[in-house]
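The values are calculated or read from the model by the stated rules, or taken from the named source; none is laboratory data. Just so we're clear, the structure is a prediction, and the values are computed from it rather than from any experiment. Neighbour counts are summed over all protein chains in view; Cβ atoms, including those assigned to glycine, are modelled from backbone coordinates with ideal geometry.
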Amino acid sequence: MAAATGVVKGIGEKQLIIDHGPIQGSTMGAMTMGFNFLKSVDVSELAEGDEIAFLMKIGRDGSFRISALCKPSSDGDDCLQGLL
């Protein structure tokens, strides 16, 4: 499991483009990239520019998939803790 925070830059049918900080639980540093998300993740309330905190599953192939997310501005600064 890995965790990060970032800003939504784009929203696709199965992918979010996120400008994120370093990913805790991995060696990945800050960058902007696309992440696929699980079907169970509700992105209907997201908009470009939203700050989010998110958890990711790391696949056997090394890919990162968002498994949960929250918006600290509306869900509280520690909203990620409730997702663990």
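Does Leu80 fit the bill of being over 10 Å from the mean Cα position of the chain (by Cα), assigned to a helix (DSSP H, G or I) and under 13 Å from Gly6 (Cα atoms)? Against the criterion (over 10 Å from the mean Cα position of the chain (by Cα), assigned to a helix (DSSP H, G or I) and under 13 Å from Gly6 (Cα atoms)), Leu80 qualifies.
Within segment 1-46, the set of residues being acidic (Asp, Glu) and surrounded by 12 or more Cβ atoms within 10 Å (Cβ to Cβ) comprises Asp19 only.
How about segment 66-84: which of its residues are modelled with pLDDT of 90 or more and not hydroxyl-bearing (Ser, Thr, Tyr)? Passing the criteria: Ile66, Ala68, Leu69, Cys70, Lys71, Pro72.
For the residues Val41, Val7, the requirement of being in a loop (DSSP other than H, G, I, E, B) and within 11 Å of the chain's Cα centre (by Cα) singles out Val41. For segment 56-70, a residue qualifies if it is assigned to a loop (DSSP other than H, G, I, E, B) and touching a residue at least 24 places away in the same chain (Cβ under 8 Å), and exactly one does: Ser63. The set of residues in segment 46-55 that are touching a helix residue (DSSP H, G or I) at 6+ places or on another chain (Cβ under 9 Å) and part of a loop (DSSP other than H, G, I, E, B) contains only Asp50. Could you please find all residues in segment 1-15 being in contact with a Gly (Cβ under 7 Å, 6 or more places away or on another chain) and more than 14 Å from Lys71 (Cα to Cα)? Within segment 1-15, Met1, Ala2, Gln15 qualify. When segment 10-38 is filtered for residues that are in contact (Cβ under 8 Å) with a residue 24 or more places away in the chain, over 10 Å from the mean Cα position of the chain (by Cα) and part of a strand (DSSP E or B), the ones remaining, listed by number, are Gly10, Ile11. Contact annotation: residue pairs with Cβ atoms under 6 Å, 6 or more positions apart or on different chains, pairing a residue in segment 72-83 that is free of Cβ contacts under 8 Å to residues at least 40 places away in the same chain with a partner that is in a helix (DSSP H, G or I) and surrounded by 15 or more Cβ atoms within 10 Å (Cβ to Cβ), are Cys79/Pro72.
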